[in-house]
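Input: a single structure, listed below in structure tokens.
Derivation of every value follows stated rules applied to the coordinates shown; laboratory data play no part. Remember, it's a predicted structure, so these values are computed and weren't measured experimentally. Cβ coordinates were reconstructed from backbone atoms using ideal geometry, including for glycine residues, and neighbour counts include every protein chain displayed.
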Amino acid sequence: MSTQRPALKFPLRLDRLSSAMTLSTHVPARPLLRPQALLQHAAVEAARRIVPSGVGLDSADVRRRMVERLKLTGLRDEAVLGAMAAVPRHQFVDTALVNQAYEDTSLPIGHGQTISKPSIVARMIELLRGGAAALTTGSLGHVLEVGTGCGYQTAILARLSRQVFSVERVRPLYDKARQNLAELRDAQIRLVYGDGTLGHAPNAPYASIIVSAGGDVIAQAWLDQLAPGGRLVAPVRAADNRQTLMVVDKTAGGFRHTNFERVYFVPLRSGLA
Ligand code: SAH
């Protein structure tokens, strides 16, 4: 320490007040060197960078504001919005990106992959809930998710379904999702390390199938594993070569395909990594 002054404990006893005042006249004009202060200051600065205002104690409030913004984009399904308001997205992104967790943007999660942006997660699940089986039961039932990534969408799906089977082909992402979702201790989630273009036969059929990576075609395994009355939502390359959100319903009369808006997903790849 740089000063020889005796440490003063506050509040001061009355009989020490005068000596304290005398001492204060000896305080040098330039600031005292206090090495710990610099460290403390650095820690405060780091925390400010990592924990944005609003994330932390009142992150529920930040999510409510995110949901208000989602409503402005036309999303209406209260059940989906409720799930979006409940799941802490900041726990699924890297620490350095936490301050962007509640912006409507996709973010890198490593291995060349991204966490989908909240509006597309909500949009796809809203479409999924419009399937015949989901409309009758009010639940997504058994869900197959292709492309777990960091597990954020998995956590949202779990709140709206009986069980989610989520397949990821990149081992470190599968591990990351396991870690992220372990904290939520959600018994409805089953993570699978595998090639999702093959679906996940052991737990088929699925009332709902949702795909988070863009392929050239809708995999045959998904159609085979879709339950009657079930619905699939996937980004697929359309005739004009653009990636488009596609909905496939399995009806008594066969499959009904409907194309929706243009989307931008990372590519669906086969095999394991
Ligand atoms: N819903 C995820 C999206 C992650 S990005 C999230 O919000 O985090 C898409 C993911 O699909 C990537 O993790 C990628 O590795 C995975 N993927 C691509 N092709 C796949 C395949 N054939 N089987 C399983 N996962 C696949």
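Take each peptide in 113-122, 254-263, count the other Cβ atoms within 10 Å of every residue, and average; sorted highest first, the result is 113-122, 254-263.
For Asp216, the shell of other residues with beta-carbons less than 15 Å away shows a net charge of +2, using +1 for Lys and Arg and -1 for Asp and Glu.
When each of the peptides 156-164, 128-136 is scored by the mean number of other C-beta atoms lying within 10 Å of its residues, the order from highest to lowest reads 156-164, 128-136.
Extension gain, Arg190 to Asp216: 0.36 nm times the residue separation minus the Cα-Cα distance gives 6.7 nm.
Protection proxy ranking, highest mean first, for peptides 184-190, 232-238, 71-77, 213-219: 232-238, 213-219, 184-190, 71-77, where packing is the per-residue count of other beta-carbon atoms within 10 Å, averaged. For the range 209-273, the gyration tensor built on C-alpha atoms gives an oblate shape. Its axis ratio a/c (a ≥ b ≥ c) is at least 1.5, and a/b is not larger than b/c. Report, in whole Å, the centroid distance computed from the Cα atoms of the range 195-271 and the range 74-130. Result: 20 Å between the Cα centres.
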